[in-house]
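Presented below is the structure to which this report refers.
The values are calculated or read from the model by the stated rules, or taken from the named source; none is laboratory data. None of these values were measured; they are calculated from a predicted model. Note that we place each Cβ from the backbone using ideal geometry, even for glycine, and neighbour counts take in every protein chain shown. These area figures cover heavy atoms from the full protein model, side chains too; ligands, DNA and RNA do not enter into them. Shrake-Rupley method; radii C 1.70, N 1.55, O 1.52, S 1.80 Å.
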Amino acid sequence: MKRILLSISLLWLASACRESTEKDPTTTTETKPTAEATEEKSGHEEGPADVVELTTDQLRIGAISLGKVEYRNLGQLLQINGRLAIPAQSQVAITALQGGFVRSIPLLPGQPVRKGQLLARIENPDLVGLQQEYAENQSRLTYLEAEYARQKELSEQNVGALKVFQQTSAERNQVRSRLGGLAQRLRLVGISPQAALDGKFSAYYDVTASVAGVVTHVAVNVGQYVQPADIMAQLTSSQGLYAELTVFEKDLPQIREGQRVSIRLNNEDGKERSGRIAYINRIIDANRSVRVVARLDQPDARLAPNTFLKASLDLGNSRVTALPEGAIVSAEGKDYIFVVTDEKAPEEHEHEEGEAQHSEKEEHAHQAGETEQHGTTFKQIPVRRGVTQEGYSQVTLPATLDLSKVQVVIKGAYAVLSQLQVAGGEEEGHAH
């Protein structure tokens, strides 16, 4: 009986195992696709993403030319910042020469004025007394001149006392001095001494511009009383305008007087002005920089003081590796060149339908007698750009490049870059 039960149990276990195997096919269905995927993956190894192959037609259409890296003498430039400044003598404060009431001040900030133009009219009643005093002293001097001549003649004839002659001479000299001082005070405020002698007195005097410039500030109003030390307005003249450059201590040994400098103002959209270094301040500021004065070759009255600028100092020529500007491309904030390489470009993965169409076209081309085109492969190389002069730019190249053998795209580099980007997009779009 035990043998019969054992036989039944074994038959049941065998049946259960057979059903489980049929219902769970994971062991057979998973291994095969994994192997196929591994084989497929190993069969599509892609080349580097910075390599692209161009056909002969693409080279012709893109006007791509090859050349060598050259050694050229390019000027080294020092880039510095600065601002436009004016000397102290071109900043004019308009003050009253004598105290008085402002009766007219026809000025507005930003208004241009010419030399000698009326800036303000001041009323001072004391001017009338000054002119009157001048006229009286002139009359007194006329009398003393005549008395001096008479006393001198009497003294020479021993008729008059010598003491009287000496008193007359001293008084005449005193009146002469006073009269000269009064005349100068009248001329300072623009009043003619001769007009005072003619009885034409005036309580007004005019303040005029001593230089041509632009009004930058007006500080008084009509009717306001001003003292001689009060500033009524301020003028700024463009005469002597210069570039004040900030040169750091480490660059100071490269600066010398008479050095050429190119200047670009921030508000002139790249317009270049020229000048020369005039003075170098030897006092180093707290930020370890010095002030350098550069005179403009062509002064311009339209320039505004305190305008920020960028300057380039010519430090002389040096022999450097250089390429034409057309050989250098910029992408994502970096500079690159393209060189001919033996590396293989990434394979293009096409769908079965595309492959079939390609096969049909290839077969048709062979039937028509066409020959297969052989392409040229280019590799993208990062470089560092330096100074640019006369259509050539200094480039710092990787040390691994053999400059005597390497061929560089010197014209049409952007066409190569475009093809590289297109190839990268195709690969990405057909990635498995």
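Please give the net charge around residue 171, taking every other residue with its beta carbon less than 15 angstrom from that of residue 171, where Lys and Arg add +1 and Asp and Glu add -1.
+4
Tell me the carbon and sulfur percent of the accessible area for the range 205-275, rounded to whole percent, probe radius 1.4 Å.
Accessible surface attributable to carbon and sulfur in the range 205-275 totals 46 percent.
What are the ³J(HN,Hα) values, in whole Hz, obtained from phi via the Karplus relation 6.51 cos²θ - 1.76 cosθ + 1.60 with θ = phi - 60°, for each residue of the range 280-289 in sequence order, with x given for Gly and Pro?
Calculated HN-Hα couplings, in order: 10, 6, 8, 8, 8, 6, 5, 8, 6, 9 Hz.
List, in order, the whole-Hz ³J(HN,Hα) value for each residue of the range 303-312 obtained from phi through the Karplus relation with A = 6.51, B = -1.76, C = 1.60 and θ = phi - 60°; use x for Gly and Pro.
6, 9, x, 6, 5, 6, 8, 10, 10, 10
May I ask you to give the solvent-accessible area per residue for the range 98-208, in square angstrom, as obtained with a 1.4 angstrom probe?
With the other protein chains kept in place, the range 98-208 gives 59 Å² per residue.
How many percent of the accessible area of the range 103-150 is carbon or sulfur, using a 1.4 Å probe?
52
Show the residues, 5+ positions off or on another chain, whose built amide H is closer than 5 Å to the amide H of residue 395.
Under 5 Å from the amide H of residue 395 lie the amide H atoms of 321, 322, 323, 386, each far enough along the sequence or on another chain.
Starting at the first residue of the range 121-126, write each ³J(HN,Hα) from the Karplus equation 6.51 cos²θ - 1.76 cosθ + 1.60 with θ = phi - 60°, in whole Hz, x for Gly and Pro.
Coupling constants for the range 121-126: 10, 10, 10, 9, x, 5 Hz.
With a cut-off of 8 Å between alpha carbons and a minimum separation of six or more residues, what is the relative contact order of the range 155-252 in percent?
16
Under 5 Å between amide hydrogens, which residues at least 5 positions from residue 411 or on another chain qualify, with H placed 1.01 Å from N in the peptide plane?
Those lying under 5 Å, H to H, from residue 411 are 65.
Amide H to amide H, which residues 5 or more places from residue 49 or on other chains are under 5 Å from it, using H placed in the peptide plane?
none
Going by average Cβ neighbours within 10 Å, how do the peptides 393-401, 278-286 rank, with the highest at the top?
Ranked by mean Cβ neighbours within 10 Å, highest first: 393-401, 278-286.
Could you order peptides 230-236, 150-156, 134-140 by the average number of other Cβ atoms within 10 Å of their residues, highest first?
Highest mean packing first, the order is 230-236, 134-140, 150-156.
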